1. So how many residues does region 184-203 have that are of a type outside the set (Val, Ile, Thr), farther than 20 Å from Asp26 by Cα and open to solvent by 20 Å² or more (accessible area, probe 1.4 Å)?
2. Name every residue in region 6-43 that is over 18 Å from His71 (Cβ atoms) and either in contact with a strand residue (DSSP E or B) (Cβ under 9 Å, 6 or more places away or on another chain) or modelled with pLDDT under 95 (or both), in order of residue number.
3. Could we say that Ile87 is at pLDDT below 95, surrounded by fewer than 19 Cβ atoms within 10 Å (Cβ to Cβ) and either among the charged types (D, E, K, R) or at negative phi (or both) here?
4. Within the bounds of region 62-71, is there any residue that is aliphatic (A, V, I, L, M), exposed (fewer than 14 other Cβ atoms within 10 Å of the Cβ) and farther than 20 Å from Leu14 by Cα?
5. Is there any pair with a first residue in region 184-200 that is within 16 Å of Thr147 (Cα to Cα) and free of Cβ contacts under 8 Å to residues at least 60 places away in the same chain and a second that is of a type in the set (Ser, Thr, Tyr) and assigned to a helix (DSSP H, G or I) whose Cβ atoms are under 8 Å apart and which are 6 or more apart or on different chains, and what are they?
6. For Glu61, only one of the following conditions fails: (1) at pLDDT 90 or above; (2) over 19 Å from Asp111 (Cα atoms). What is its number?
7. Exactly one of these conditions fails for Phe174: (1) farther than 30 Å from Leu16 by Cα; (2) out of contact with any Asp or Glu (no Cβ under 9 Å at 6 or more places or on another chain). Give me its number.
8. Could you list, in sequence order, all residues of region 5-27 that are without any contact (Cβ under 8 Å) to a residue 24 or more places away in the chain and either assigned to a helix (DSSP H, G or I) or on the phi > 0 side of the Ramachandran plot (or both)?
Amino acid sequence: MTLAQRQRALLCDLFLELGPLAPTLDEGWKTQDLAAHLWIREHKPWAMLGVMMEKYKSLTERIQRDALHTHGFIGLVEQLRTPPLLIRPVDSVMNGAEFFIHHMDVLRANDRDQTLSPEDEESLRAPLKMFATKVAKTFGDRLVLDTNDGKQLELGRGTTPVHVIGKPSELLLFVSGRTDNAKVELVGEPDAVKKLTESTGGM
């Protein structure tokens, strides 16, 4: 199984265990809202405009509510277990980080956790670089990601670098906006650290 397949299965199991009203790290969302978000991402991708553009936010929220009303929480979760036909060929590429991050959103909001294999940690390096590149542009200074295997990714330029130290999975959580819940160490000038933290965005 790929990372995407494992994280998808584990998240769906967790959804059913905790029920529709359990907390998540996504502000304002319960597990039912996150399930609806993941469902429309794969079944009605055009409805995701509201995630990227504020003026469509209410449209996306309405479609999520409609999906919950139509299919029910359990129905959505059961449909999430298997990606649609058009997505299956690219599932491992587009969904490894997505389902890992959202699985962690539910785990850590409910005082739980998981440990990834070294192979899964390695597979998160590519999406980590993609997310970190976006953060570095907003940050405007030098961002240095140090993984605990001695590898380093340096992005941006500037005289006040901030080092973020941790496993690839924890660094990914940090640069995707889970700054308070990522198990990382931040090393740098306090003002630069604050600026970096404010530069991250949710997924």
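The values are calculated or read from the model by the stated rules, or taken from the named source; none is laboratory data. Just so you know, these numbers come straight off a predicted model, no measurement behind them. Counting neighbours? That spans all protein chains shown, and the Cβs are built from the backbone with ideal geometry, glycine included. Heads up: the accessible areas ignore ligands, DNA and RNA and are worked out on the full protein's heavy atoms, side chains in. Shrake-Rupley method; radii C 1.70, N 1.55, O 1.52, S 1.80 Å.
1. To start, the set of residues in region 184-203 that are of a type outside the set (Val, Ile, Thr) comprises 185-186, 188-192, 194-196, 198-199, 201-203.
The next check asks that each one be farther than 20 Å from Asp26 by Cα; those that pass are 185-186, 188-192, 194-195.
This time we only want the ones that are open to solvent by 20 Å² or more (accessible area, probe 1.4 Å), so: 185-186, 188-191, 194-195.
Residues that pass the stated criteria total 8.
2. Correct list: Ala22, Pro23, Thr24, Asp26, Glu27, Gly28.
3. On the way: at pLDDT below 95: yes; surrounded by fewer than 19 Cβ atoms within 10 Å (Cβ to Cβ): yes; either among the charged types (D, E, K, R) or at negative phi (or both): yes.
Yes: the conditions hold for Ile87.
4. So the first thing to find is which residues in region 62-71 are aliphatic (A, V, I, L, M), and the list is 63, 67-68.
Then keep just the ones that are exposed (fewer than 14 other Cβ atoms within 10 Å of the Cβ); that gives none.
There is no residue in region 62-71 that is aliphatic (A, V, I, L, M), exposed (fewer than 14 other Cβ atoms within 10 Å of the Cβ) and farther than 20 Å from Leu14 by Cα.
5. Leu186/Thr197
6. Result: Glu61 passes all but (1).
7. (1)
8. Step one: of region 5-27, the residues without any contact (Cβ under 8 Å) to a residue 24 or more places away in the chain are 13, 17, 21.
Of everything in region 5-27, those that are without any contact (Cβ under 8 Å) to a residue 24 or more places away in the chain and either assigned to a helix (DSSP H, G or I) or on the phi > 0 side of the Ramachandran plot (or both) turn out to be Asp13, Glu17.
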